[in-house]
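Following: one structure in structure tokens, then a few remarks.
The values are calculated or read from the model by the stated rules, or taken from the named source; none is laboratory data. Given the structure is predicted, the values throughout are model-derived calculations rather than measurements. Note that we place each Cβ from the backbone using ideal geometry, even for glycine, and neighbour counts take in every protein chain shown. For accessibility, only protein heavy atoms count, side chains too; no ligands or nucleic acids. Shrake-Rupley method; radii C 1.70, N 1.55, O 1.52, S 1.80 Å.
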Amino acid sequence: MNTARSIIQSLHISASLKTIAEKVFNAERISMEDAVELYNTSELALLGVLAGVTKKRLSGDYVYFNRNFHVEPTNICVNHCKFCSYRRREGQKGAWELSIDDILTEIEKHKKSGATEIHIVGGVHPNRDVNFYIEMVQAIKKTAPHLHIKAFTAVEIDQMCQMGNITVEEGLQKLKDAGLESMPGGGAEIFDEKLRANICPDKTGSEEWLRIHTVAHKLGIPTNATILYGLLENYEQRVDHLNRLRETQEKTNGFNAFIPLKFKRENNEYSRVRETTLIEDLKNYAVSRIFLDNIPHLKAYWPMIGKQAAQLSLEFGVDDLDGTIDDSTKIYSMAGSEENPAASSNELINLIKELQLIPVERDSVYNILKLY
Ligand code: V47
Ligand code: SF4
């Protein structure tokens, strides 16, 4: 670390970048202005080194993965997010809705895969309230008690509780009693109210998204957080998003991982927007890692960015690779990512080992199951 530090001090970079670098080496928190400055620099190697310092402090040489599969109960949705390639109206071609029995059949298919987690996210169905989802969670737990149930974005929770005429507090407690163990980080999109109103006008608002996660954390339900980036936002808006997460985490300490989601443009209303470059993606991982010093893990979702970019992201602060077994999510394939993405755990292990890092198979709450 001392060598890296002295190399950075000898670089021809601005004094303010050197000051930010010193803060990172000293494990001091960087400010919002610092984060904007890091986004604005083209010194990608510097960002990699600094993100590596924070990553190493939080998880050493470990890179985590877990064995999970996704179930998407429906793509019928009452909302109209303009970036969504997946949503359909009831009765429209391409719409699906799985019954609880269909979901149990789906689980049966994955029985021999070694999966320890089921990840459930879907559209906000107009006729399914919280009671339907409580029944779903109970049925899954009964059929597959060994699976950790990570389910429902804050947006789904918000709207299913409204439909069931109960508060989020009551709904989450009932879901937890039924077997819900953690929540994914979707639906965060971008917190900036003006931009959010433009890209996903009828979605749960930013403050409510954060409140629902706060309630979950208080009830002992850990969650993840995401950002949808590369869709019309500027760096200040990205940093505002990161800052609201950092402030919430200071109060609750319930976020396990942060997952930047790169905007994919096929088959949605923003097909004219150019997707971010790999350089921008790496920069975004790095600044997120450095800024969010209180969220323990930074996850790359490889079905969205590809395996090679995911491997490279490990040099920019990422310590968790998601998506192992026959990844069954359609959210990204319908927006232009690789279809039917799959990776064997051996493939992920080799990607990690090539960088002299240590692959760690984890459970859903980051307990170590096996070191490779
Ligand atoms: O909330 C939808 C995003 C999210 C597009 O918590 C898009 O472990 C890019 O949250 N381009 C759902 N993104 C997926 C999600 C997730 C994924 C993997 C792991 C975890 C976790 C959570 O997908 C949505 C939205 O932000 N999304 N459409 C699109 N065109
Ligand atoms: Fe519905 Fe989610 Fe698509 Fe928005 S992103 S329209 S909430 S399925």
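Some points to look at:
- Looking across segment 65-116, just one residue is outside any helix (DSSP H, G or I), within 18 Å of Lys150 (Cα to Cα) and over 23 Å from the mean Cα position of the chain (by Cα), and that is Leu98.
- Segments classed as helices (runs of 4 or more DSSP H), wholly inside segment 300-372, with at least 2 members that are modelled with pLDDT of 95 or more and not small (Gly, Ala, Ser): 307-313, 345-353
- Of the criteria (1) open to solvent by less than 10 Å² (accessible area, probe 1.4 Å); (2) within 13 Å of ligand 1 (Cβ to nearest atom); (3) touching a Phe, Trp or Tyr at 6+ places or on another chain (Cβ under 8 Å); (4) not polar (S, T, N, Q), which one His119 fails: (1)
- Qualifying residue in segment 157-168 (condition: of a type outside the set (Ser, Thr, Tyr), open to solvent by less than 20 Å² (accessible area, probe 1.4 Å), in contact with a Cys (Cβ under 8 Å, 6 or more places away or on another chain) and more than 13 Å from ligand 1 (Cβ to nearest atom)): yes
- Candidates in segment 50-98 are the residues that are closer than 28 Å to Asn294 by Cα and among the aromatic types (Phe, Trp, Tyr); of these, the one that is farthest from ligand 2 (Cβ to nearest atom) is Tyr62.
- Subset of segment 103-128 (residues that are within 16 Å of ligand 2 (Cβ to nearest atom) and without any contact (Cβ under 8 Å) to a residue 60 or more places away in the chain): Ile120, Gly122, Gly123, Val124, His125, Pro126, Asn127, Arg128
- Remark: Tyr62 matches the filter, which requires a residue to be within 30 Å of Lys18 (Cβ to Cβ), open to solvent by 40 Å² or more (accessible area, probe 1.4 Å), touching a residue at least 12 places away in the same chain (Cβ under 8 Å) and hydroxyl-bearing (Ser, Thr, Tyr).
- Test: residue in segment 126-140 that is open to solvent by 20 Å² or more (accessible area, probe 1.4 Å), in a helix (DSSP H, G or I) and of a type in the set (Asp, Glu): yes
- Filtered by the rule that a residue be crowded, with 17+ Cβ neighbours inside 10 Å, over 16 Å from the mean Cα position of the chain (by Cα) and near ligand 1 (Cβ under 9 Å from one of its atoms), segment 239-269 gives Arg265, Asn268.
- Matching residues in segment 21-36 - criterion: being outside any loop (DSSP other than H, G, I, E, B) and in contact with a helix residue (DSSP H, G or I) (Cβ under 6 Å, 6 or more places away or on another chain): Ala21, Val24, Phe25, Met32, Asp34, Ala35, Val36
- Only a single criterion out of (1) exposed (fewer than 13 other Cβ atoms within 10 Å of the Cβ); (2) more than 16 Å from ligand 1 (Cβ to nearest atom) is not satisfied by Leu38, namely (1).
- In this structure, Tyr62 qualifies as within 30 Å of Lys112 (Cα to Cα) and modelled with pLDDT of 95 or more.
- Filtered by the rule that a residue be in a loop (DSSP other than H, G, I, E, B), more than 14 Å from ligand 2 (Cβ to nearest atom) and open to solvent by less than 40 Å² (accessible area, probe 1.4 Å), segment 191-238 gives Phe191, Asp192, Ile221, Pro222, Gly230, Glu233.
- Test: residue in segment 71-88 that is open to solvent by 50 Å² or more (accessible area, probe 1.4 Å) and among the acidic types (Asp, Glu): no
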